[in-house]
Amino acid sequence: MVADLVMGAAGSRAPGSIAEFARAGRLVVKIGSALLVADGKPALGRLQSLASDIAMLREQGTEVIVVSSGAIALGAAKMGLAKGGRASLADAQAAACVGQVALAQLWGEALEAHGIAAAQMLVTLGDLEDRRRYLNAAATLDRLLEESVVPVVNENDSVATEEIRFGDNDRLAARVAQAAQARAVMLLSDVDGLFDRPPGNPGAMLIERVEGVTPEIIAMADDRSASGLGSGGMTAKLQAARIAERAGIALAIVNGTRDNAIAAALDSGRGTLFAPVRSDSARKSWLGGRLAPEGVLTVDKGCVAALHDGGSLLAAGLVDVEGEFERGALVSLHGPKGERLGQGLVEYSAAECRAIAGLKQSDQARQLGYVPRAAVVHRDHMVQQ
């Protein structure tokens with residue numbers, strides 16, 4: 001099993017069960033708005049019990065990173081904004097500015113009660129999409145953990161836009177786990193995990209273990225946030241699981257509404273565990289987890305087969321180009337039926353891709369005016385779905 005083979009930065013293995021998350025070595029815990037904010041006020045009892053759980057994990061030798069929602073909900077309540085601060089982007093940004101101060105203070109006080117220092121870390125999508133900024137974020141997380149500080153991470157909603165943002169902290173948690181070389185991610189939800197149908201329906205069954213997020217698994221998801229406070233739903237959690245599973249990270253969805261929810265999940269093992277299905281290199285793991293392609297390259301059937309065999313994307317197999325981008329941009333790769341094949345860094349601009357689409361290498365120089373490169377997307381700069 002991949003989970004038994006993948007080693008973390010500190011030599012820890014990806015856990016093979018939820019109970020083993022207590023020995024993950026480095027764990028990311030994501031907590032949603034609905035668990036931390038009730039009627040516009042902080043749920044202090046739950047926050048304190050989670051801080052107690054974090055202290056327990058640290059005593060057992062597991063470093064913890066918290067990805068915490070709640071800033072917009074707290075800020076909106078203080079400002080009296082409609083729809084929990086989500087009526088408009090401007091409202092959400094303003095609410096985030098106010099709420100981040102309150103959220104950081106709450107976590108600081110809750111952890112300080114256990115003699116633990118907390119640090120606030122706000123990131124944008126660009127911080128984890130750009131390779132250099134990603135490595136800087138990774139170094140900061142590592143340094144904080146070396147000093148026994150608990151990083152409390154959130155998306156910087158005060159500057160994020162609708163077009164350039166994570167939009168949910170589930171995927172952010174998976175990306176933070178990649179950057180921190182964590183071996184496990186625990187998503188605290190208002191349900192026990194992923195069910196084969198909406199959990200309120202008769203006969204709904206909990207899916208206890210998932211070996212690869214397939215289209216059939218995605219079809220089980222309800223993409224609504226039940227509380228109305230957050231921006232994610234089960235679909236966002238499955239997207240997070242897909243990011244994690246290719247990086248050798250185990251991810252679990254567990255019920256966060258119980259007292260001492262982390263400890264309760266570890267003790268019972270109840271939830272949905274998404275097992276790692278492979279372990280990409282650090283760079284390919286980063287590339288596969290990127291969320292904002294700038295264009296789409298559609299290829300023919302022959303190229304699909306070549307890609308599955310480990311080949312590069314050549315101009316001869318390129319049939320369509322969508323979007324405007326420059327060399328080095330992230331692009332999504334699609335097959336002739338629109339099926340997503342993966343993504344990679346393109347060697348040409350969009351205009352150059354259109355000029356050489358379908359051409360053999362011997363004919364490309366005439367269109368480009370220079371000797372063509374070896375591939376449109378080289379296999380070393382590509383990750384497949």
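Against the numbered list (1) over 24 Å from the mean Cα position of the chain (by Cα); (2) part of a strand (DSSP E or B), residue 364 comes up short only at (2).
Look at residue 86 and say whether it is at pLDDT below 90, in contact with a Ser or Thr (Cβ under 8 Å, 6 or more places away or on another chain) and either on the phi > 0 side of the Ramachandran plot or not acidic (Asp, Glu) (or both). In short, yes. Here the stretch 144-195 is the region considered, the condition is being modelled with pLDDT of 90 or more, part of a loop (DSSP other than H, G, I, E, B) and among the small types (Gly, Ala, Ser), and the residue that is surrounded by the most Cβ atoms within 10 Å (Cβ to Cβ) is 182. Scanning the stretch 273-319 for residues that are β-branched (Val, Ile, Thr) and over 30 Å from residue 206 (Cβ atoms) gives 296, 298, 299, 304, 319. With respect to the conditions (1) surrounded by fewer than 21 Cβ atoms within 10 Å (Cβ to Cβ); (2) farther than 16 Å from residue 255 by Cβ, residue 49 lacks only one, and its number is (2).
Under the condition of being in contact (Cβ under 8 Å) with a residue 40 or more places away in the chain and outside any loop (DSSP other than H, G, I, E, B), which residue from the stretch 196-221 is farthest from the chain's Cα centre (by Cα)? The selected residue is 206. Pairs linking a residue in the stretch 35-47 that is on the phi > 0 side of the Ramachandran plot and in contact (Cβ under 8 Å) with a residue 24 or more places away in the chain to a residue that is open to solvent by less than 20 Å² (accessible area, probe 1.4 Å) and not aliphatic (A, V, I, L, M), with Cβ atoms under 8 Å and 6 or more positions apart or on different chains, do not occur. Listed conditions (1) farther than 17 Å from residue 182 by Cβ; (2) modelled with pLDDT of 95 or more; (3) touching a Lys or Arg at 6+ places or on another chain (Cβ under 8 Å); (4) among the hydroxyl-bearing types (Ser, Thr, Tyr) are all met by residue 52, apart from (3). Going by the structure shown, is residue 226 at pLDDT below 90, open to solvent by less than 40 Å² (accessible area, probe 1.4 Å) and more than 18 Å from the chain's Cα centre (by Cα)? It is false that residue 226 is at pLDDT below 90, open to solvent by less than 40 Å² (accessible area, probe 1.4 Å) and more than 18 Å from the chain's Cα centre (by Cα). For the stretch 1-32, a residue qualifies if it is open to solvent by 10 Å² or more (accessible area, probe 1.4 Å), at pLDDT below 90 and assigned to a helix (DSSP H, G or I), and the qualifying residues are 2, 4.
Taken together, 318, 345, 330, 341 contain a single residue that is buried (at least 16 other Cβ atoms within 10 Å of the Cβ), under 13 Å from residue 303 (Cα atoms) and modelled with pLDDT under 95, which is 341. Would you mention how many residues in the stretch 235-259 are among the β-branched types (Val, Ile, Thr) and surrounded by 24 or more Cβ atoms within 10 Å (Cβ to Cβ)? Total satisfying the criteria: 4. Selection of the stretch 99-131 for residues being more than 21 Å from the chain's Cα centre (by Cα), open to solvent by less than 70 Å² (accessible area, probe 1.4 Å) and either of a type in the set (Asp, Glu) or more than 18 Å from residue 71 (Cβ to Cβ) (or both) yields 115, 116, 117.
Conditions (1) under 18 Å from the mean Cα position of the chain (by Cα); (2) open to solvent by 10 Å² or more (accessible area, probe 1.4 Å); (3) farther than 22 Å from residue 169 by Cα, marked per residue:
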site: 261; (1), (2), (3): no, no, no
site: 266; (1), (2), (3): no, yes, no
site: 274; (1), (2), (3): yes, no, no
site: 277; (1), (2), (3): yes, yes, yes
site: 287; (1), (2), (3): yes, no, no
site: 301; (1), (2), (3): no, yes, yes
site: 304; (1), (2), (3): no, yes, yes
site: 310; (1), (2), (3): no, yes, yes
site: 336; (1), (2), (3): no, yes, yes
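The values are calculated or read from the model by the stated rules, or taken from the named source; none is laboratory data. Values in this document were obtained by computation on a predicted structure and should not be read as measured data. Here the Cβ is made from the backbone with ideal geometry for all residues, glycine too, and neighbour counts use every protein chain on show. Heavy atoms of the whole protein, side chains included, go into the accessibility calculation; ligands, DNA and RNA do not. Shrake-Rupley method; radii C 1.70, N 1.55, O 1.52, S 1.80 Å.
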